[in-house]
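The values are calculated or read from the model by the stated rules, or taken from the named source; none is laboratory data. Source: prediction; values computed, not measured. Note that each Cβ is placed from the backbone with ideal geometry, even for glycine, and that neighbours are counted across all protein chains shown. SASA here: full protein model, heavy atoms, side chains in, ligands and nucleic acids out. Shrake-Rupley method; radii C 1.70, N 1.55, O 1.52, S 1.80 Å.
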Amino acid sequence: MTAFAATARLSWYGPGLVQSAHDHEAAHLSLLLSGGFEEQSGRRTHTARAGQLGLRPEGLSHAVAFGGEGALVLTMAAPALDGDRRPVTAPAWTPPLPGGHLRRLAPLILEGGDAAPEAVWDVLALLDSGSPAPKPDPWLAEVRDRIQSCPGPTRVSDLARRAGRHRVHLGRAFLLAYGETPSEFRRRVMLDRALGLIASGETLAAAAVEAGFSDQSHFTRACRDHYGVAPGRLTARLRA
């Protein structure tokens, strides 16, 4: 865990790491850049995945079990309201943030400084206050699992045929259930996997190919397009 600004830090948690129940004294926000984990807080269990922002209130007690690819997490202090009040009073998670939002906001949060709190306020505005989406149909969940397990060589059109659905139907159903298209999700999974490999010590070139990108340049372009920063810059922040 490496501090790189007064209010923000980039942290890598290894695959399979389990943190027993512990408390957080200060309210903060956690942006999951790659990987995932299961969080148990009281009677509530949440499976966090890449692109989600977690609101962590003061006094939060939770236990965390990280997945097989670990997790790369950008953590920042919650911005203050008038009178030093905090806007975070209960634990909550955003849906996975669209690439356009991450591309514009993640670099500002990474840099810290005066622009970072403003970027966090904008991320907070993306919180989904509506009703939770219905549970996806089994066929759709299977499509998502297949993309998750093997994103590189997977063709979404082939998965649609295997599921007996038209490609357009699959795209619409996937977007409604998961908040992003199958193609966006596939690229996110590849980025997720590559960033986790880099944080574990792999070279950029090796991580790119293993995650399913054609080469390092392809991976770098995708990372810049989705997160607004090159993967090497993330690595430098983590290891500074």
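Within segment 176-212, track down each residue that is over 19 Å from the mean Cα position of the chain (by Cα) and either open to solvent by 60 Å² or more (accessible area, probe 1.4 Å) or modelled with pLDDT of 90 or more (or both).
GLU202, THR203, LEU204, ALA205, ALA206, VAL209, GLU210
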Q) Taking segment 116-135 only, how many residues are modelled with pLDDT of 75 or more and surrounded by fewer than 19 Cβ atoms within 10 Å (Cβ to Cβ)? A) 4
Q: Mind listing whichever residues of segment 213-223 are under 18 Å from the mean Cα position of the chain (by Cα) and touching a residue at least 24 places away in the same chain (Cβ under 8 Å)?
A: PHE219, ALA222, CYS223
Q) Does segment 77-115 hold any residues that are part of a loop (DSSP other than H, G, I, E, B) and modelled with pLDDT of 75 or more, and which are they? A) ALA90, PRO91, THR94, PRO95, PRO96, LEU97
Q: Please find, within segment 151-171, the residue that is surrounded by the fewest Cβ atoms within 10 Å (Cβ to Cβ) out of those that are under 21 Å from ARG49 (Cβ atoms) and without any contact (Cβ under 8 Å) to a residue 60 or more places away in the chain.
A: GLY171
Q) Among (1) touching a Pro at 6+ places or on another chain (Cβ under 8 Å); (2) loosely packed, with under 15 Cβ neighbours inside 10 Å; (3) not aromatic (Phe, Trp, Tyr), where does THR220 come up short? A) (2)
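Rundown of residues vs (1) closer than 17 Å to GLY70 by Cα; (2) not small (Gly, Ala, Ser), yes/no style:
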position	(1), (2)
GLU184	no, yes
ALA194	yes, no
ALA206	no, no
SER214	no, no
SER217	no, no
ASP225	no, yes
Q | Residue tally, condition more than 13 Å from LEU110 (Cα to Cα) and open to solvent by 20 Å² or more (accessible area, probe 1.4 Å), over segment 223-236 | A | 3
(Q) Can you report the number of residues in segment 7-51 which are part of a loop (DSSP other than H, G, I, E, B), open to solvent by 10 Å² or more (accessible area, probe 1.4 Å) and under 15 Å from ALA71 (Cα atoms)? (A) 4
